[in-house]
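Below you'll find the structure I mean.
The values are calculated or read from the model by the stated rules, or taken from the named source; none is laboratory data. Just so it is clear, the model here is predicted, and its values are computed rather than measured. Positions of Cβ are backbone-derived with ideal geometry, glycine not excepted, and every protein chain shown enters the neighbour counts. Note: areas computed on protein heavy atoms with side chains; ligands, DNA, RNA excluded. Shrake-Rupley method; radii C 1.70, N 1.55, O 1.52, S 1.80 Å.
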Amino acid sequence: MIVMGSYMIQPAAADAGGTASDDIYLNPSSIHAALSSAVREARLRHKLLGQPVVEWRDGQVVLVPPDEIEIVEPNHTSKSSNESRIP
């Protein structure tokens, strides 16, 4: 089991046929939501503690100072890129 923020990701239990059953924990949308939440929490923690984060931008590793870290607020109504950012 992996704990990320307030989400848990754990392997699906095998069903009677010996294959993995459909499980909400292995649903791609649930995994994406858990990872997005974990990244947001980590970025917010770094910003609040005054620590830089490392990002991959345009094929290069970049050190982002705390005052330039953007925090993306989740948009639960749609999967579009209409997310609000906290500078």
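Consider ALA13 against the criteria (1) at pLDDT 90 or above; (2) open to solvent by less than 80 Å² (accessible area, probe 1.4 Å): it satisfies all of them except one. Which criterion is unmet?
The number of the failed condition is (1).
Restricting the range 53-76 to residues that are part of a loop (DSSP other than H, G, I, E, B) and open to solvent by less than 60 Å² (accessible area, probe 1.4 Å), which is nearest to SER29 (Cα to Cα)? Full working, then the answer.
Looking only at the range 53-76, we keep the residues that are part of a loop (DSSP other than H, G, I, E, B), and these are 58-59, 65, 69-70, 74-76.
From what's left, open to solvent by less than 60 Å² (accessible area, probe 1.4 Å): 59, 65, 69, 75.
Details: GLY59: 27, PRO65: 31, ILE69: 25, ASN75: 13 Å.
Result: ASN75.
Here is a follow-up. Contact list please: Cβ distance under 6 Å, first residue in the range 27-50 and without any contact (Cβ under 8 Å) to a residue 60 or more places away in the chain and outside any helix (DSSP H, G or I), second residue open to solvent by less than 80 Å² (accessible area, probe 1.4 Å) and not hydroxyl-bearing (Ser, Thr, Tyr), pairs at least six apart or on different chains.
From residues that are without any contact (Cβ under 8 Å) to a residue 60 or more places away in the chain and outside any helix (DSSP H, G or I), the pairs are GLY50/PRO66.
Considering only the range 44-65, state which residues are on the phi > 0 side of the Ramachandran plot and of a type outside the set (D, E, K, R).
Once the filter is applied, which keeps residues that are on the phi > 0 side of the Ramachandran plot and of a type outside the set (D, E, K, R), the range 44-65 yields GLY50, GLY59.
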